[in-house]
Amino acid sequence: SMGDSTCLANFLNFGCSNFPADHYGLILWNHGNGPVIGYGKDMLFDNDSLTLQEMADALAASPFNAEYKLGFVGFDACLMSSAELCHIWKDYACYLVASQEVEPSFGWNYSFLSSIGTASIETVLSDMAQSYLSTCLAYYEERGYESRDTTLSCMDLSYADQLSAAVDALFARALSDVSTSYNQLTQRRVNTRALGRAS
């Protein structure tokens with residue numbers, strides 16, 4: 001099952017053992033369900049998904065670690081750009097590329113692969129994001145869709161600990177205010193930009 005951590009760990013170990021390279025990147029393509037449910041749906045195994053804990057288990061059993069990181073991990077899947085994903089991948093990859101929003105069924109435009117091996121990782125990741133965004137915008141414009149949210153973030157995971165600290169501080173403040181400011185907090189939540197509504 002693709003939702004079993006051993007499957008991902010075996011894939012990463014097989015790739016490194018059989019295809020030695022100076023740098024590695026990993027792209028995971030399938031359905032995305034965000035940090036609560038996880039990534040992927042293996043239709044042959046009752047739509048089993050890979051939870052964040054299973055991702056962490058797979059990475060711990062892989063050849064990648066804090067000293068030998070993937071250049072990037074990309075999720076060609078909906079709703080996988082989150083602080084939780086940054087926290088999981090920060091010790092195993094330099095960059096996380098993922099969408100906060102739902103993605104169209106055709107996914108990424110893989111033309112950026114032509115620059116892998118000759119360009120810097122920053123150039124490859126910029127090409128990855130730009131090719132996806134331009135393809136989506138052209139697709140939506142051709143079909144007359146109005147104001148579709150299209151996102152693809154490329155996050156430097158060296159800042160993941162700072163992000164976690166900021167999120168912790170935000171929720172600590174909200175917790176201290178909840179008894180006296182519950183109505184204001186709920187109104188702020190209602191007015192916060194929501195992602196994934198199309199799903």
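Laid out as a table, the results:
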{"quantity": "Some residue of the stretch 118-127 being among the charged types (D, E, K, R), part of a helix (DSSP H, G or I), open to solvent by 50 Å² or more (accessible area, probe 1.4 Å) and under 26 Å from A21 (Cα atoms)", "calculated": "yes"}
{"quantity": "Breaking point among (1) out of contact with any helix residue (DSSP H, G or I) (no Cβ under 7 Å at 6 or more places or on another chain); (2) open to solvent by 50 Å² or more (accessible area, probe 1.4 Å); (3) not polar (S, T, N, Q), for D57", "calculated": "(1)"}
{"quantity": "Hey, F75 open to solvent by less than 50 Å² (accessible area, probe 1.4 Å) and either under 28 Å from L195 (Cα atoms) or among the polar types (S, T, N, Q) (or both) or not", "calculated": "yes"}
{"quantity": "Residue in the stretch 29-37 that is in a loop (DSSP other than H, G, I, E, B), modelled with pLDDT under 95 and not polar (S, T, N, Q) present", "calculated": "yes"}
{"quantity": "Of residues in the stretch 41-98 being outside any helix (DSSP H, G or I) and of a type in the set (D, E), the one farthest from the chain's Cα centre (by Cα)", "calculated": "D46"}
{"quantity": "Near pairs, Cβ below 9 angstrom, 6+ apart or cross-chain, from the stretch 149-170 (aromatic (F, W, Y)) to any residue that is assigned to a helix (DSSP H, G or I)", "calculated": "Y159/C86"}
{"quantity": "Close pairs from the stretch 58-69: first under 18 Å from M2 (Cβ atoms), partner open to solvent by 20 Å² or more (accessible area, probe 1.4 Å), Cβ under 6 Å, at least 6 apart", "calculated": "A58/S5; L59/Y92"}
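Listed here are the residues, each with its yes/no results for (1) open to solvent by 70 Å² or more (accessible area, probe 1.4 Å); (2) without any contact (Cβ under 8 Å) to a residue 12 or more places away in the chain.
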position: E84; (1), (2): yes, no
position: Y92; (1), (2): no, no
position: Y95; (1), (2): no, no
position: A98; (1), (2): no, no
position: W108; (1), (2): no, no
position: I116; (1), (2): yes, no
position: Y132; (1), (2): no, no
position: A138; (1), (2): no, yes
position: R143; (1), (2): yes, yes
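The values are calculated or read from the model by the stated rules, or taken from the named source; none is laboratory data. All values reported here derive from a predicted model rather than from experimental measurement. Heads up, the Cβs are rebuilt from the backbone with ideal geometry, glycines too, and the neighbour counts pull from every protein chain shown. Quick note on the areas: whole protein, heavy atoms, side chains included, nothing else; ligands and nucleic acids left out. Shrake-Rupley method; radii C 1.70, N 1.55, O 1.52, S 1.80 Å.
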